[in-house]
Amino acid sequence: MSSDGENDDFLYEDDYDDAFDQDDEIDSTSEPDVYDALSPAIEEAPQKKPYDVSWKVKTLQEIIDMQNKEITKIQSVLEVPASSAAILLRHYVWNSEKLQEQFWNDPATALGEAGLSPPSSPTTRTAPLPPSPTKRSTRSSKAGPSSFLKRTKSQPPTSGPFECPICCMEFDQQAVERNTYSMGCGHRFCKDCWTEYLAGKVKGEGESAKIQCMESGCGRIVREEVIDEMVTQDISKRYHNLLNAAFVADSPTLRWCPHPNCEYIIQCNQAPTRMLNQLVPTVECKCGNDLCFGCGYAASHRPVLCKIVRMWEKKCADDSETANWLQANTKECTKCQSTIEKNGGCNHMTCKKCKWEFCWVCMGPWSEHGTSWYQCNRFDEKSGIDARDTQAKSRASLERYLHYFNRWANHEHSAKLDAEFYQKTEKKMEQMQNSGNLSWIEVQFAKQAVDAVIRARITLKWSYCMAFYLKRNNMTELFEDNQRDLERAVENLGYLLEQNISDTESISKLRQDITNQAAYVQKRHDILMDDTLRGYLERRWEFSVEI
């Protein structure tokens, strides 16, 4: 799938080398082929930083058009019905080149693996199935009459009555033609059973592209027109929505916007999975929110890699740190391994479970300690070295985690208070406008400063997550220096924004100070972000976990 929408073939692993080029011109939003300064699709000139990616925002109708265009192409090339082309493309994950290669090498195998009748089968002959008298067509966006369903000729209806294998309902010869249906595989069932089965698959199980025949062991795929004819309009609509969702999920270059009530789809050709250890592909949807195209995180998590974000959130959510606290503040009986917390000053411990007596300090047997009730002069006793080392490591690990987590959580909490911060700033802007005879445009510097603070706090929040996993070396110290400078600048700007306004002269000075400090915050933010993201491309960062 090209970025300009002219060629809808998906780019897979082997195609990304050409798609991702650091020297390519990087666009920040949807852009035309030729840059036009007056184009409404472009808000600013394209960025040219090597760690940024280009993307486009697609509507659902554009996604449907992309599918139909590819289906029409395969239908023409392979000379198969549109529904068969769609089933083949979904089976081969919309890789038209692989599909054509497999089809021309062995058409029967390609069709069979996709759940279709082989080309030489007499069931390729079709006849229209009369629509159910109680149902109306629900198809609105597909070409061709909705009642033209594919039915089998390999097993024609018997001359006598027919009994549905599922509901055991009997039908006479005329009713068989009107109230039953079989696909190319020849397995015939009544329409009521088909309707219940298809509705359960779509509505109950959320299946769409791989709904198979009801016969056990039969892998024949049910065509779209059959489902549209058999089910109600609501279920048919859900069925096609599921097909569209599966199309986006199957494509490595498409991703739904994760924000509530947003139906846009992001298309990005420059963020393959193998590049996510060097890139943080942050994009912006038309709904105005940022997201990470690499992992689908519903906000920007720059400058941290997607894998690091997942590990950090898992670490914060599970009970790993609870276990660390237990190891740091409790000990296990050396005989029965029961967890014990010391609640007194005496070092002579007696396990309530197994009655084993041991020393709390060195974890050695109490029989070796004589009468040393409150101190242990056998600290280096071999029997207690391992226990002491384990506890010391757990305590150090817990303290290190809490150091980074507390700062991460502090900046996260501060960033969440942006609505309240904006309200205070707006009141202050009104006060400056009334007291200093300033226009509304002239007091916008305060809002811009708040934006800079919030943006910097989000970056600082994730920088502590990254620092937790960095190995200690010279590069890490430089990273922490940039982190410290940005944090100091943010706190200074936050202090200025909270200053009271006393007179007109103070407004003028405050405006100058806030403007200068906001510019400095933005500069420090850009330095930290640029150095960190370039460091991924230059492979300067070493982590304590495998990336």
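The values are calculated or read from the model by the stated rules, or taken from the named source; none is laboratory data. Fair warning: this is a prediction, and the values are worked out from it, not measured in the lab. Glycine gets a Cβ as well: all are built from the backbone with ideal geometry, and neighbour counts include every protein chain shown. Surface areas here come from the heavy atoms of the whole protein model, side chains and all, with no ligands, DNA or RNA. Shrake-Rupley method; radii C 1.70, N 1.55, O 1.52, S 1.80 Å.
Rounded to the nearest Å, what's the spacing between the alpha carbon centres of the stretch 84-107 and the stretch 442-457? Just the number, please.
53
Can you tell me which lysines have their Cα less than 20 Å from the Cα of residue 393? Leave out same-chain residues fewer than eight positions away.
Reachable lysines: 315, 331, 342, 382, 471.
Just to verify a number: what accessible area does residue 232 come out at with the full protein assembly present, 1.4 Å probe, Å² rounded to tens?
Answer for residue 232: close to 70 Å² accessible.
Please report the accessible area of residue 441 (heavy atoms, 1.4 Å probe, ligands and nucleic acids excluded) in Å², nearest 10.
Here the accessible area works out near 130 Å².
Would you kindly find the accessible area of residue 248, with a 1.4 Å probe and non-protein molecules such as ligands, DNA and RNA excluded, rounding to the nearest 10 Å²?
0
Hey, got a sec? Which GluC sites (Glu not before Pro) in the stretch 230-326 land in a DSSP loop and have at most 14 other Cβ atoms within 10 Å?
Qualifying residues, ordered by number: 263.
Between the stretch 462-498 and the stretch 278-305, what is the separation of their alpha carbon centroids in Å?
Between the Cα centres of the stretch 462-498 and the stretch 278-305 lies a distance of 21 Å.
Accessible area, 1.4 Å probe, largest first: how do 166, 527 sort?
166, 527
With a 1.4 Å probe and all protein chains kept in place, how do 183, 169 rank by accessible area, largest first?
Numbers: 183 10, 169 105 Å².
Solvent-accessible surface, decreasing: 169, 183.
Apply 1/(1 + (r/R0)^6) to the Cβ-Cβ distance of residue 62 and residue 506, taking R0 = 56 Å, and write down the FRET efficiency to the nearest 0.05.
Computed FRET efficiency for residue 62 and residue 506: 0.55.
Output the pairs from 447/523; 314/353; 98/191 with a Cα-Cα distance over 29 Å in this structure; if there are none, say none.
Long pairs (Cα-Cα over 29 Å): 314/353; 98/191.
For the stretch 445-547, which GluC sites (Glu not before Pro) pass both filters: DSSP loop (anything but H, G, I, E, B) and at most 14 other C-beta atoms within 10 Å? Can you show the working numbers first?
Numbers: sites: 477, 480, 487, 491, 498, 505, 538, 542, 546; in loops: 498, 538, 542, 546.
Those that pass, being in a loop and sparsely packed, are 498, 538, 542, 546.
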